[in-house]
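**Q** This structure is in structure tokens; I'll ask about it shortly.
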Amino acid sequence: MTREELAKEPEMTEREQVLFRPVWLGLLVAVSAAITVVFTCVTPFAAFAVIAAATVSRRDAVMLAVALWLTNQAVGFGFLHYPWTAAALAWGLALGAGAVVGALAALEIFRRLGSLRPLARNVCAFGAAFVLYQLTLLAAAVAWLGGTDMFAPGIVSQVLMINAVTLAGLFALRQVVTGAALLIRRRRAQASPARPA
């Protein structure tokens, strides 16, 4: 489907949006779980914050940040055997706080910079979400958890790259899912018999 065809396609009806919402949110949680397994200690919360700010309501974006954090913790402690220590649990809480802070930052950028082109808005939201997420974790490390060595430029740049690649993948996934939804809608419309006037 070309961009021109997508532009001519009418928006989803309210009913379709209601049905689509849990599918999209569930898909993001599933992708997050898979990424947690692959990267073990790096969940790209900034990337998810931006895709959420771009595609769901403010309430859903914050709830998604919490759901992604819970998923990360469940996969980490349940499947990857993170240690059940006070430090590991405290870092888990810090990650959750950072995920929510990053989501709120992305949402605020989207609210304030709504007139910008989508690419510029996404880049600004990504920068804000990533920086504030990292600063939240750094503050926790400095204040009581230790581990400031995890914020060396080489490590932070790797985390940034993982987030950037994930964000590109999430936007590509959004295009695929939206295209599939429109295709299904078209096929249903073609399959339903025309009603007499």
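**Q** If you line up the Cα atoms of the stretch 94-186 on their principal axes, what length do they span on each, largest first, in Å?
**A** The Cα atoms of the stretch 94-186 stretch 56, 26, 21 Å along the principal axes, largest first.
**Q** Pick out, from VAL56, PRO22, PHE110, the residue whose Cα sits farthest towards the positive end of the charge dipole of the stretch 13-129, with +1 on the Cβ of Lys and Arg and -1 on the Cβ of Asp and Glu.
**A** So the residue furthest toward the plus end is PHE110.
**Q** Given 0.36 nm per residue, what is the gain on full extension from TRP144 to ARG21 after removing their alpha carbon distance, in nm?
**A** Contour length minus Cα-Cα distance gives 40.4 nm.
**Q** On a full-extension model of 0.36 nm per residue, what is the gain between ALA90 and LEU116, subtracting their alpha-carbon distance, rounded to one decimal in nm?
**A** On the way: separation 26, 0.36 × 26 = 9.36 nm, distance 3.81 nm.
Result: 5.5 nm gained on full extension.
**Q** So if R0 is 41 Å, what FRET efficiency would VAL156 and ALA189 give, r being the distance between their Cβ atoms, rounded to the nearest 0.05? Kindly include the intermediate steps, with their values, before the conclusion.
**A** Values: r = 49 Å, r/R0 = 1.19.
My answer for the efficiency is 0.25.
**Q** Please compute the length gained on full extension between VAL131 and GLN175, using 0.36 nm multiplied by the number of residues separating them and subtracting their Cα-Cα distance. Walk me through the intermediate numbers first.
**A** On the way: separation 44, 0.36 × 44 = 15.84 nm, distance 2.65 nm.
Using 0.36 nm per residue and subtracting the Cα-Cα distance, I get 13.2 nm.
**Q** Using modelled backbone amide H atoms (1.01 Å from N, in-plane), which distant-in-sequence or interchain residues come within less than 5 Å of TYR82's amide H?
**A** PHE77
**Q** Give the residue list of chymotrypsin sites (Phe, Trp or Tyr not before Pro) in the stretch 52-85 that are DSSP loop and have at most 14 other beta-carbon atoms within 10 angstrom.
**A** PHE79, TRP84
**Q** Which helices, taking whole DSSP H runs in the chain, have alpha carbons extending 30 angstrom or more along the helix axis plus mean Kyte-Doolittle at least 1.0?
**A** 14-39, 86-112, 118-140
**Q** Shifting gears a bit: Take the chain, drop everything but the C-alpha atoms, weight them equally and run the Debye formula without solvent; then report log10 I(q)/I(0) at 0.09 Å⁻¹ to two decimals.
**A** -0.39
Values quoted throughout were computed directly from the atomic coordinates according to the rules given, and no laboratory measurement underlies them. As the structure is a computational prediction, the values presented were derived from the model and not from experiment. Every residue, glycine among them, receives a Cβ derived from its backbone with ideal geometry; neighbour counts consider all protein chains shown.
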